Amino acid sequence: MESVATAPTFSAKKLIPLLQYGVYIIFVVLAIFFGVMNHRFATVNNGLLLLQQAAPIGIAVIGMTFVLIVAGLDLSVAQNMYLSAVLIAIAMDSMRKAGTLGTVWSFVFIFGIALTTGAVIGTINGVLVARWKIVPFLATLAMQGIARGVALIASHSKVFFVPELGPISNGRWLGFPVVTIILFALIFIFDYILRRTTFGRQLMAIGNDSASAQKIGINVNRNVFFVYLICGVLAGLAGLLAAGQGGAIAVYFHQGDEFLIISSAVLGGISLFGGKGSVFPGALIGIILVGTIVNGMTMMNASPYAYTIVRGAIIFLAVMVDSINYKGELR
Amino acid sequence: MNEETILVLKDISKSFFGAMVLDNISLEVRKGEILGLVGENGAGKSTLMNILGGVLPPDTGSMELKGHAFTPANPRDADKAGIAFIHQELSLFSNLTVAENMFIDDLPTGVLWSVQFDKMRTEAREYIEKFGVHTTPDTKVETLSMGIRQTIEITKALIKNAEIIIFDEPTTSLSQTEKDNLFKIIPQLKDQGVTIIYISHIIEDVFHLCDRIAVLRDGYLVGVEEKDQVGKNQVIKMMVGRELNQVYPTVEKTIGDVIYRARNIQRGTAVRDISFDLRVGEIVGLFGLMGAGRTELARCLFGADPIDSGEIEYKGKRHRKISPELSIKEGVSFVTEDRRQEGLLMPKTVKENIVLAKLNDLQERLGMVSSKREDQEADKVIKELNVKVKDKNKQAAKNLSGGNQQKVVLSKWILKEPSMFVMDEPTRGVDVGSKYEIYTIINNMAKNGATVLFISSEMEELMGLCDRIMVMSKGKIVAEMPKSEYNQEKIISYAIGGVN
């Protein structure tokens with residue numbers, strides 16, 4: 001009896017080769033679809049607009065990439081953005097009254113507020129996760145609530161207008177949107193950090209097997225702490241740029257976008273299970289893909305409710321691709 | 001202590017929850033030798049090495065490394081002192097390259113904190129060529145075989161200037177060629193002056209490699225012998241120690257009719273065309289070496305894994321599809337060796353664990369569980385099985401000794417009053433006293449009319465306990481013998497050679 005019955009293999013696994021290029025296929029299909037639906041979609045100008053619109057969220061995606069690489073999670077990014085934007089707006093209100101708004105120093109000050117807000121939230125997340133060993137999901141979920149609460153109290157739930165940030169968020173330099181240049185600069189820097197530095201390589205090791213990393217002497221706690229700090233700072237910056245882009249900061253400012261940010265990263269091939277992914281091309285692909293969907297739907301005048309459906313579909317797709325690609329313990 | 005001695009262990013003792021695991025071990029390791037460390041499961045080999053590696057502190061005793069007191073507080077200390085471990089599970093990062101893995105904790109960096117990949121590659125290539133490993137520095141580890149990964153791990157130890165390398169059952173996951181290669185590398189290491197401690201239960205390998213052989217049994221160091229002055233049989237005797245006429249509990253019982261029939265059970269290549277009958281009140285042993293397919297068969301019988309083909313007949317009913325739910329409903333229980341994974345909820349209390357499988361039957365109106373009845377049932381079985389527990393309502397399962405944990409697992413199933421037990425290594429990691437009690441429990445169950453399929457790699461206990469032994473090899477049952485025909489050599493030759 002040498003005949004061995006061929007057990008039916010899990011059919012989704014047969015899709016793996018397809019899934020590896022999945023995001024590219026989705027991108028091409030979507031681009032063609034939107035291009036056919038609206039002849040202005042496939043133009044250089046719209047391409048630049050797309051990159052401009054996607055940039056603030058994209059910067060947050062870079063930070064999220066680092067968190068996911070060490071098998072972490074940060075649910076506080078969107079509310080981090082909101083708090084950062086509110087604090088900037090309050091500072092701008094008082095500077096406007098004092099007449100100092102518009103000077104170089106006022107902008108340095110504004111950037112300082114955004115980055116510091118992000119850094120404070122990132123530090124708290126980092127301490128909770130790395131030092132106190134609280135599950136990232138819970139630690140950052142708590143942080144999400146706290147950041148939102150602080151922002152609502154500070155803003156008295158009112159809407160702020162920040163037109164002065166327009167030149168940064170909507171301006172162009174040498175024909176390119178300024179925010180896009182910032183996004184690409186950050187992608188370059190953080191890709192270098194992840195790919196070329198000891199810190200980055202050790203993050204990959206921690207994400208692969210944190211217990212082994214600890215055992216062979218990598219300072220896991222410190223590295224993980226810095227990851228949350230980076231994610232926080234980048235989210236703070238994203239808050240500033242997003243505020244400038246919309247011109248107004250209402251209570252619904254980017255609410256729920258943490259999931260858009262996470263799924264952008266995951267669609268870009270960064271695994272929720274840690275240890276896998278890159279800033280370039282990984283995160284960038286995710287940013288552009290999600291940006292394309294948002295941009296395309298806007299051009300089609302889609303119903304705002306349709307966004308929620310599409311957002312849900314993106315999250316589902318991202319996680320499904322990741323789970324199927326995950327081969328379990330590779331050792 | 002002469003100058004050749006690199007490591008001295010003095011009077012090391014260690015106990016867990018009152019059970020003595022190591023009893024006054026004193027051992028000297030010579031510089032540049034290959035010392036074999038052998039012993040049965042639970043003899044204390046890994047505990048001793050964990051103490052050396054700083055994973056566990058000894059209760060008493062001291063260690064000296066190169067003439068200085070050595071008190072590692074954690075694995076990092078041992079590492080710094082030049083003691084490296086090659087475990088069965090390797091600590092390589094599968095998503096990184098070979099070169100990165102070799103240097104990950106201390107990467108060479110240059111301008112702008114950038115890792116000097118070229119320098120790393122060159123150094124890694126040197127080591128790769130030295131050991132004749134078929135890979136390149138830029139290969140990702142996830143694409144490599146276990147043997148190559150192990151060599152990389154050895155290389156890592158050498159990069160850190162390890163002076164003592166401890167191999168813990170290194171050949172378990174290796175192919176024959178990989179094993180041959182490892183056996184070429186180990187003497188090379190010795191030539192470089194590295195001291196090696198080689199832990200294994202494969203006597204042939206130990207004799208092939210080692211200069212001296214230390215034998216542990218039940219926490220004692222039975223002896224340390226020069227390889228040339230001792231024979232294999234002698235070492236085996238030292239390992240096993242007790243003569244075969246050790247007492248096993250017996251009960252008067254009657255064996256009834258066939259109640260369970262397995263026919264042509266097949267699952268992949270692990271379980272191939274297996275058929276057998278079991279009778280009421282019978283204890284049937286299933287012997288086989290690692291990888292013979294015993295556990296796989298047990299899982300199929302219980303329904304934990306689906307079968308490709310075949311059927312079972314139990315209590316006159318035929319089943320082609322077996323699931324754990326069906327098995328439990330029909331009164332089949334499955335006790336596994338892996339208490340931590342499958343049998344017990346470690347942080348939960350003893351009582352909670354015991355009544356877990358019985359909760360449905362303890363329900364009263366509105367699905368409420370009567371805690372009074374829970375108490376009664378738990379007390380009854382704790383007394384019956386002599387589980388040593390101070391307060392069943394407070395003590396968590398993880399705080400019990402291995403033997404008592406296993407008794408809790410058994411209690412849990414016994415409460416269900418099953419008519420058939422499938423037991424997979426139920427006495428592994430259990431101290432001798434508890435083993436005897438577990439044998440008694442099994443005997444009593446059989447006396448009360450239960451059928452027991454008892455899987456074990458300890459031939460002795462099978463011969464002592466079972467009415468009949470089946471031998472498995474390469475996924476098939478190759479022999480079956482009643483108690484009157486038991487013969488150690490015959491059983492082992494079937495297990496090794498398959499069909500003769």
query: Right, residue A:234: crowded, with 24+ Cβ neighbours inside 10 Å, in contact with a Leu (Cβ under 9 Å, 6 or more places away or on another chain) and modelled with pLDDT of 95 or more or not?
result: yes
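Of everything in the range B:185-223 that's among the polar types (S, T, N, Q) and touching a residue at least 60 places away in the same chain (Cβ under 8 Å), which residue is nearest to residue B:129 (Cα to Cα)?
Among those residues, the one meeting the criterion is B:195.
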task: Counting only residues that are within 14 Å of chain A (Cβ to nearest Cβ) and out of contact with any Ser or Thr (no Cβ under 6 Å at 6 or more places or on another chain), give me the strands (runs of 3 or more DSSP E) lying completely in the range B:225-314 with at least 2 of them.
output: B:258-267, B:271-279, B:309-314
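So which residues in the range A:41-62 are part of a helix (DSSP H, G or I) and among the polar types (S, T, N, Q)?
If the condition is that a residue be part of a helix (DSSP H, G or I) and among the polar types (S, T, N, Q), then A:45, A:46, A:52, A:53 are the ones that fit.
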- prompt: Hey, does the range B:361-384 have a residue that's in contact (Cβ under 8 Å) with a residue 24 or more places away in the chain and in a strand (DSSP E or B)?
  reply: no
- prompt: If you go through the range B:404-461 one residue at a time, how many are closer than 21 Å to residue B:315 by Cα and in a loop (DSSP other than H, G, I, E, B)?
  reply: 7
- line: Of the conditions (1) touching a residue at least 24 places away in the same chain (Cβ under 8 Å); (2) surrounded by fewer than 17 Cβ atoms within 10 Å (Cβ to Cβ); (3) at negative phi, the single one that residue A:157 does not satisfy is (3)
- request: Tell me, please, whether a residue that is touching a residue at least 40 places away in the same chain (Cβ under 8 Å), closer than 18 Å to residue A:29 by Cβ, away from chain B (no Cβ under 14 Å) and over 16 Å from the mean Cα position of the chain (by Cα) can be found in the range A:290-298.
  value: yes
message: Looking at the range B:418-430, I want the residues that are farther than 30 Å from residue B:44 by Cβ and have a partner that is surrounded by fewer than 24 Cβ atoms within 10 Å (Cβ to Cβ) and modelled with pLDDT under 85 with Cβ atoms under 9 Å, at least 6 apart or on another chain. Which pairs are those?
response: B:418/B:328
task: Taking only the range B:158-180 into account, find how many residues are surrounded by fewer than 20 Cβ atoms within 10 Å (Cβ to Cβ) and outside any loop (DSSP other than H, G, I, E, B).
output: 7
- request: Report yes if residue B:151 is touching a residue at least 12 places away in the same chain (Cβ under 8 Å) and more than 22 Å from residue B:27 (Cα to Cα), otherwise no.
  value: yes
- prompt: Tally time: how many residues in the range B:82-95 are in contact with a strand residue (DSSP E or B) (Cβ under 8 Å, 6 or more places away or on another chain) and either polar (S, T, N, Q) or surrounded by fewer than 21 Cβ atoms within 10 Å (Cβ to Cβ) (or both)?
  reply: 5
task: Filter the range A:165-197 for residues that are buried (at least 20 other Cβ atoms within 10 Å of the Cβ) and more than 22 Å from residue A:111 (Cβ to Cβ) and give the result.
output: A:191, A:194
task: Sort out which residues of the range B:71-86 are out of contact with any helix residue (DSSP H, G or I) (no Cβ under 8 Å at 6 or more places or on another chain), more than 10 Å from chain A (Cβ to nearest Cβ) and either under 18 Å from residue A:206 (Cβ atoms) or touching a residue at least 40 places away in the same chain (Cβ under 8 Å) (or both), and write them in order of number.
output: B:82
task: Sort through A:280, A:226 and tell me the only one that's more than 14 Å from every other protein chain (Cβ to nearest Cβ) and surrounded by fewer than 24 Cβ atoms within 10 Å (Cβ to Cβ).
output: A:280
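Taking into account only those residues within the range A:173-215 that are assigned to a strand (DSSP E or B) and in contact (Cβ under 8 Å) with a residue 60 or more places away in the chain, which is farthest from the other protein chains (Cβ to nearest Cβ)?
A:177
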statement: Sole miss for residue B:480 among (1) within 10 Å of residue B:286 (Cα to Cα); (2) touching a helix residue (DSSP H, G or I) at 6+ places or on another chain (Cβ under 6 Å) is condition (2)
statement: With criteria (1) over 28 Å from residue B:91 (Cβ atoms); (2) in contact (Cβ under 8 Å) with a residue 40 or more places away in the chain; (3) within 14 Å of chain B (Cβ to nearest Cβ), residue A:237 comes up short on (3)
message: Against the condition modelled with pLDDT of 95 or more, β-branched (Val, Ile, Thr) and assigned to a helix (DSSP H, G or I), how does residue A:168 come out, does it pass?
response: no
- prompt: Would a scan of the range B:120-130 turn up a residue that is away from chain A (no Cβ under 13 Å), aromatic (Phe, Trp, Tyr) and in a helix (DSSP H, G or I)?
  reply: yes
message: Scan the range A:245-259 and tell me whether some residue there is within 12 Å of chain B (Cβ to nearest Cβ), buried (at least 20 other Cβ atoms within 10 Å of the Cβ) and acidic (Asp, Glu).
response: no
Among (1) outside any strand (DSSP E or B); (2) within 20 Å of the chain's Cα centre (by Cα); (3) at pLDDT 80 or above, the one test that residue B:398 misses: (3)
- request: Considering only residues that are crowded, with 22+ Cβ neighbours inside 10 Å and of a type in the set (A, V, I, L, M, F, W, C), look in the range B:313-343 and name the one that is farthest from residue B:455 (Cα to Cα).
  value: B:322
task: Give the range B:91-108 a look and list any residue that's in a loop (DSSP other than H, G, I, E, B) and more than 8 Å from chain A (Cβ to nearest Cβ), or say none.
output: B:108
- request: Output the residue which, of all residues in the range B:146-167 that are at pLDDT below 85 and within 24 Å of the chain's Cα centre (by Cα), is nearest to the other protein chains (Cβ to nearest Cβ).
  value: B:146
- request: Select from the range B:51-70 the residues that are more than 17 Å from residue A:214 (Cα to Cα), buried (at least 19 other Cβ atoms within 10 Å of the Cβ) and either within 13 Å of chain A (Cβ to nearest Cβ) or not aliphatic (A, V, I, L, M) (or both) and list them in ascending order.
  value: B:58, B:70
field: Those residues of the range B:148-179 which are under 18 Å from residue A:215 (Cβ atoms) and of a type in the set (Asp, Glu), in sequence order
entry: B:153, B:168
message: Among the residues in the range A:93-116, are any surrounded by 24 or more Cβ atoms within 10 Å (Cβ to Cβ) and closer than 26 Å to residue A:177 by Cβ?
response: yes
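Which one of A:113, A:124, A:134 is out of contact with any strand residue (DSSP E or B) (no Cβ under 6 Å at 6 or more places or on another chain) and outside any helix (DSSP H, G or I)? Steps first, please.
Details: A:113 fails: outside any helix (DSSP H, G or I); A:124 fails: outside any helix (DSSP H, G or I).
When all the criteria are applied, what remains is A:134.
The values are calculated or read from the model by the stated rules, or taken from the named source; none is laboratory data. Note that this is a predicted model, so its numbers are computed, not measured. Every residue, glycine among them, receives a Cβ derived from its backbone with ideal geometry; neighbour counts consider all protein chains shown.
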